[in-house]
Amino acid sequence: MKIGISCYASVGGSGIVATEIGNALAARGHRVFFICAERPFRFDASAKNPSFERVAVNGYPPLQQDLSVLSLAAKMAEVAAREALDVLHVHYAVPHATAAFLAKQILGSAAPLKVVTTLHGTDITLVGADPVLLPITRFSIEASDAVTAVSRSLAEETKRTISDVPIDVIANFVDTARYAPGPASLRQPMIVHHSNFRALKRVDDVVRVFAAVRAQRECELVLIGDGPERLAIEAMVGALGLTASVRFLGERLDFADVLQRASVGLFPSALESFGLAALEAMSAGVPIVATRVGGLPEVVGDGGVICDLGDVGAMATAVMHMLDDAAYREGLAAQARRIAVEVFPRERIIGEYEAIYRRVIRACP
Ligand code: GMT
């Protein structure tokens, strides 16, 4: 098949997942075109397939409006017509499914373009919850030929708050060869957290949990990533006198080596439709302490401990149990790895996307 993919290129789970899907589809013989404003994070620029179609966004000073969605729609139509795309797979309802709808209208019935929309969470729980954007979010979802959500929780939330359209749940996956456990001797009393440091990741709770644990145990906290809360978190770490035991690694393309040394992954998010970061850690054999929100319990399963949002005491107790009891920790770690490999296998998940592409193509008038 010839497949176009549009996603947010910036660091974030949806862009990472879209890139991995594109790579896997190309490896299975499909021709894949990424249609985005920037090369997605983790996109291999040297590869011929998938290839990258940059959306040029020109600024016109007298116009105040941002024309990027219109530029994207025009580029989608151009690539679809030129390459005879079978399917356009867009990640995020707004604005990508909206742009895809416009592209379909530009092409008209002479060149029917099928649109598959994958919902990742922020598009539903934040953007979709904005009453100003709700009608266009609903419209963009309902105008898609197929809709997928990355967890059961997100599918249910979408049905409850936005639209009752049929939604296929297709979970995310990670590269389990890249994120693999190393030798057991590498493990240290280290807690790891990686995210884009948005407020909803509750990195402040990571620090609070660590402070409670560090008061009773020798251990280290490693924070990977960057984002709006980073400076505030650095200040908090300093104010709590924890600077010597907390390391900020910043944004890293590959951090499997860090995960291989960690004993616990801590993800106390306030909102998380899936939790790709938790799955990356699990794949590297790191047991998880996370919150009971969104899709996190579906992902973590028995590869960790789920606590109530904001329950710093319970999270600290769970972390200490894992640090203290090697047999318990190793049991959870083995489950975590098994879940990443067996419950979220890349090839089966790509096969599920291919089946949806074929279904919408077959439904072609
Ligand atoms: O959560 C973020 O900051 C990024 C966001 C995104 O759109 O990239 O992540 C969402 O999609 C990921 C991939 O499906 C999921 O693993 C995240 O849970 C989800 N984030 C939220 O629901 C808040």
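All of the numbers you see were taken from the coordinates with simple rules; none came from a lab. Computed from a prediction, not measured in an experiment: that's the story for all the values here. Positions of Cβ are generated from backbone atoms using ideal geometry, with glycine treated the same way; all protein chains shown enter the neighbour counts.
Report the relative contact order of the chain, percent, no decimals, based on alpha-carbon pairs under 8 angstrom and at least 6 residues apart.
That works out to 14 percent.
Taking K and R as +1 and D and E as -1, what net charge do the other residues with C-beta under 13 Å from the C-beta of S263 add up to?
Surrounding charge for S263 is -1.
Can you work out the Karplus-derived ³J(HN,Hα) for every residue in region 67-83? Use 6.51 cos²θ - 1.76 cosθ + 1.60 with θ = phi - 60°, whole Hz, and x for glycine or proline.
So the J values, rounded to whole Hz, are 9, 4, 5, 5, 5, 4, 4, 5, 5, 4, 5, 4, 5, 4, 6, 5, 9.
What 222 nm value per residue comes from the helices of the chain, counting each DSSP H run with n ≥ 4 as -39,500 (n - 2.57) and dividing by all residues, nearest 500 deg cm²/dmol?
Calculated mean residue ellipticity at 222 nm is -12000 deg cm²/dmol.
Just rank F255, F267, fewest to most, by other beta-carbon atoms within 10 angstrom.
F255, F267
Output wanted: per-residue J couplings in Hz (rounded whole) for region 289-296, from phi through Karplus 6.51 cos²θ - 1.76 cosθ + 1.60, θ = phi - 60°, x for Gly and Pro.
Couplings: 10, 9, 9, 7, 9, x, x, 4 Hz.
Just want the answer: with Cβ charges of +1 for Lys and Arg and -1 for Asp and Glu, which residue in H194, L223, V289 is farthest toward the dipole's positive end in region 184-343?
Positive-end residue among those listed: L223.
With θ set to phi - 60°, apply the Karplus curve 6.51 cos²θ - 1.76 cosθ + 1.60 along region 202-216 and write out the HN-Hα couplings as whole Hz, x wherever there is a Gly or Pro.
Whole-Hz 3J(HN,Hα) from phi for region 202-216: 6, 5, 4, 5, 4, 5, 4, 4, 4, 4, 5, 6, 5, 5, 10.
Using the Cα centre as the reference, give the magnitude of the dipole from point charges on the C-beta atoms of the chain (Lys, Arg: +1; Asp, Glu: -1; all else neutral), rounded to the nearest 20 debye.
That gives the chain a dipole magnitude of about 700 debye.
Counting other Cβ atoms within 10 Å, keep those with at most 14, restrict to DSSP loop, and tell me which trypsin sites (Lys or Arg not before Pro) in region 168-200 are left.
R178
Note down the relative contact order for region 1-153 as a percent, whole number, built from C-alpha pairs under 8 angstrom at least six residues apart.
Reported relative contact order: 21 percent.
Students often check this: by mean Cβ neighbours within 10 Å, which of 291-304, 320-333, 31-44 ranks highest, and how do the rest follow?
Ranking, from highest mean packing down: 291-304, 31-44, 320-333.
Anything over 26 Å Cα to Cα? Flag those among K104/K201; K114/K201; K159/K201; K114/K159; K48/K75, in the order listed.
Checking Cα-Cα distances, K104/K201; K114/K201 exceed 26 Å.
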